[in-house]
1. Give the dimensionless ratio obtained when the Cα radius of gyration of the range 35-95 is divided by 2.2 N^0.38 Å.
2. Given H placed 1.01 Å from N in the peptide plane, which residues other than close sequence neighbours of F246 have an amide H under 5 Å from its amide H?
3. Counting Lys and Arg as +1 and Asp and Glu as -1, what is the net charge of the other residues whose Cβ lies under 15 Å from the Cβ of G48?
4. Looking at the chain as a GNM with Cα springs under 10 Å, which of L62, L136, L89 has the largest mean-square fluctuation?
5. Using label points projected 7 Å from each Cα along Cα→Cβ, tell me how many nm separate V112 and E214, to one decimal.
6. What ³J(HN,Hα) values, in whole Hz, does the Karplus curve 6.51 cos²θ - 1.76 cosθ + 1.60 give for the range 166-173 when θ = phi - 60°, with x put for Gly and Pro?
7. For labels at N7 and L53 in the simple 7 Å Cα→Cβ model, what's the distance in nm?
8. Report the accessible area of D148, computed with a 1.4 Å probe over the heavy atoms of all protein chains in place, in Å² rounded to the nearest 10.
Amino acid sequence: MTLSYLNLVLGLLLLAVPGYLIYVYDRQLLGKAATAVVRMVVQMAAVGGCLWLLYRYDSVWLCLAWLAVLVVAAAFLLVSRTRMPSRVLMLPACVAMFVSVLAVSAYVLYGVLRPEAPMSARWLVPVTGGLMAHVLTTNIHGVRTYFDSLRQDSQPYYTLLGNGATRLQALAPYITRALRSMLMPAVGNFSIMGLFVMPMLLSGLLIGGMKPVEAVLAFVAMMIAAVAASVLSLLATLWLADRKSFNRQGRLNIESKQQ
């Protein structure tokens, strides 16, 4: 199957229908919609160029560099969404996401899927990219819940410390809240993924040459791997950020950034 620029133009012509309706009913929205479409096309062109390079040269080092760029961009987004100071969260988030995604990807590729060339761009790029998307969205919930709980309800933490608990024991209720806030939406989305997203992803796997049973097993493995990578990334982020989050006396020493 080949797609030409003419095919792309024909696809963009589908925007004529919503564009006309927006023009008739809300002309002020037309400029914003056009800007959004242009931005999407530019972003997809940039992503397409990166993917072309990755698949053209098929280098492990290029794939790892691509993953590093994704991790840095995700860390910036995580810092902004959680309203945390960059000095506290930026480096821990980068290290935690990179290591957890790469480790879980290696486990999936070498231990579960076991393709002929596990570290080729054909496998490494979609697996790490899919895990990164899930890790980012879930870690935003977990990290924000953890630090917001500490800021707004720190008395139980100091009470446990004063009664002789270790700092890890005193932080356990807050870590539990963070894990719950991260895992509950992910678990709740499993049914939605199975009903609406799974057919689309399975179609891609089938087009790629997988048998139907293999495609289903690969999808289930990726869903479980995404949850595992998210949990590992969250716990590693909180652990790495701990030293800059608390002073030597165990008191929280950070303030949220104003929106």
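The values are calculated or read from the model by the stated rules, or taken from the named source; none is laboratory data. These numbers were taken from a predicted model, which means no experiment stands behind them. Neighbour counts run over all protein chains shown; Cβ positions are idealised from the backbone, glycine included. Heads up: the accessible areas ignore ligands, DNA and RNA and are worked out on the full protein's heavy atoms, side chains in. Shrake-Rupley method; radii C 1.70, N 1.55, O 1.52, S 1.80 Å.
1. Details: Rg = 14.6 Å, N = 61, 2.2 N^0.38 = 10.5 Å.
My calculation over the Cα atoms of the range 35-95 gives 1.39.
2. It is N253, by chain and number.
3. Result for the local shell: +2.
4. Largest GNM mean-square fluctuation: L62.
5. 1.7 nm
6. Running phi through 6.51 cos²θ - 1.76 cosθ + 1.60 with θ = phi - 60° gives 6, 5, 5, 5, 5, 8, 3, x Hz.
7. 2.5 nm
8. 30 Å²
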